[in-house]
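Chemist: Pasting a structure here, questions to come.
The values are calculated or read from the model by the stated rules, or taken from the named source; none is laboratory data. Note that the structure is predicted; figures quoted are calculated from it, not measured. A quick note on method: Cβ atoms are made from the backbone with ideal geometry, for glycine too, and the neighbour counts reach across all protein chains shown.
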Amino acid sequence: MLSYSRITEGRLLEPKVSSKPVSIDAALAEAKRIFTSVPKESIAVVLSAQHSNEDNFALLELAAKFIGTKGVFISGKPAGKRDDILMHEDKNANTAGVKKLAPAARPFEHLLESLFAGTYSHVIALGSDLPGMPELLEAPLSKLTGLVTVAAHEGPLARLATVALPACTWAEAEGTYVNSRGMAQKSERAIEPRGSSRPAWEMLARLGEALGYATHWKKLKEVRIAMDPEAAAVTAPAGA
């Protein structure tokens, strides 16, 4: 009940190119155009502590295995209030999971410094939440030649994106999250995806194929097998 507004409001529900709604095929074609012949050293990716292990793994695989970039960063909601009982200062659902998947991932603020230095010209970003004030982020992000964002919500990354691809919220797609105590928890889909949104791992698979890489993830089970073959064989639902 407390999460309902987040699931329904401020959503990115259709693919966009330069903030204008387009078909998914047109959006992927534009992504291919802007990334063609870009050196791997000029490409960075941004993981999201708000997205599942599966979503982040898909982007990490695209970055490391296919593109070959080492420019990996992590974003998410900024820290908030805490208490000594239940309230944790980390307001992200999967910070621990992302850090386990990508121990070398650097904070988002380091990406901004790199953008001012001209290290990266192209970015593929997951999620819409950023650890800072949006008005302070637009100047460095606007320096990018190409920004592809896969996100469930509108926000600075989606607004500034050359290509924005709509992702499901946690309520619309199954996924695994790791809490602050290191406990992995699986979230099951509760409602149908809204608009043209698809699970982020699936959007990233399609993006990878559009960029010329044989990602070939068609089912969640295939992503989980790539993440951890033994665990996936034991826990994945039949046909997932």
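Chemist: Check the stretch 29-47 and report whether any residue there is more than 17 Å from T119 (Cα to Cα), modelled with pLDDT under 95 and aliphatic (A, V, I, L, M).
Modeler: Looking through the stretch 29-47, none of the residues is more than 17 Å from T119 (Cα to Cα), modelled with pLDDT under 95 and aliphatic (A, V, I, L, M).
Chemist: Does L137 count as assigned to a loop (DSSP other than H, G, I, E, B) and surrounded by 14 or more Cβ atoms within 10 Å (Cβ to Cβ)?
Modeler: Taking the combined requirement at face value, the residue does not satisfy it.
Chemist: T215 fails exactly one of the following numbered conditions: (1) modelled with pLDDT of 90 or more; (2) buried (at least 16 other Cβ atoms within 10 Å of the Cβ); (3) more than 15 Å from the chain's Cα centre (by Cα). What is the number of that condition?
Modeler: Against the list (1) modelled with pLDDT of 90 or more; (2) buried (at least 16 other Cβ atoms within 10 Å of the Cβ); (3) more than 15 Å from the chain's Cα centre (by Cα), T215 comes up short only on (1).
Chemist: Can you tell me which of A93, A105, A79 is out of contact with any helix residue (DSSP H, G or I) (no Cβ under 6 Å at 6 or more places or on another chain), modelled with pLDDT of 90 or more and not basic (K, R)?
Modeler: Sole residue among the options that is out of contact with any helix residue (DSSP H, G or I) (no Cβ under 6 Å at 6 or more places or on another chain), modelled with pLDDT of 90 or more and not basic (K, R): A105.
Chemist: Here is a further query. Can you pull out the residues in the stretch 2-32 that are part of a loop (DSSP other than H, G, I, E, B) and either free of Cβ contacts under 8 Å to residues at least 24 places away in the same chain or of a type in the set (A, V, I, L, M, F, W, C) (or both)?
Modeler: Matches in the stretch 2-32: L2, E9, L12, L13, V22, S23.
Chemist: Okay, next question. When you go through (1) modelled with pLDDT of 95 or more; (2) of a type in the set (S, T, Y); (3) over 18 Å from V98 (Cβ atoms) one by one for S142, which number turns out not to apply?
Modeler: It fails just one condition, (1).
Chemist: I'd like the full set of residues that are assigned to a loop (DSSP other than H, G, I, E, B) and surrounded by fewer than 20 Cβ atoms within 10 Å (Cβ to Cβ), limited to the stretch 156-179.
Modeler: E174, N179
Chemist: Separate question: Kindly evaluate A125 against the criterion of being surrounded by 15 or more Cβ atoms within 10 Å (Cβ to Cβ), at pLDDT 90 or above, on the phi < 0 side of the Ramachandran plot and of a type outside the set (K, R).
Modeler: It is true that A125 is surrounded by 15 or more Cβ atoms within 10 Å (Cβ to Cβ), at pLDDT 90 or above, on the phi < 0 side of the Ramachandran plot and of a type outside the set (K, R).
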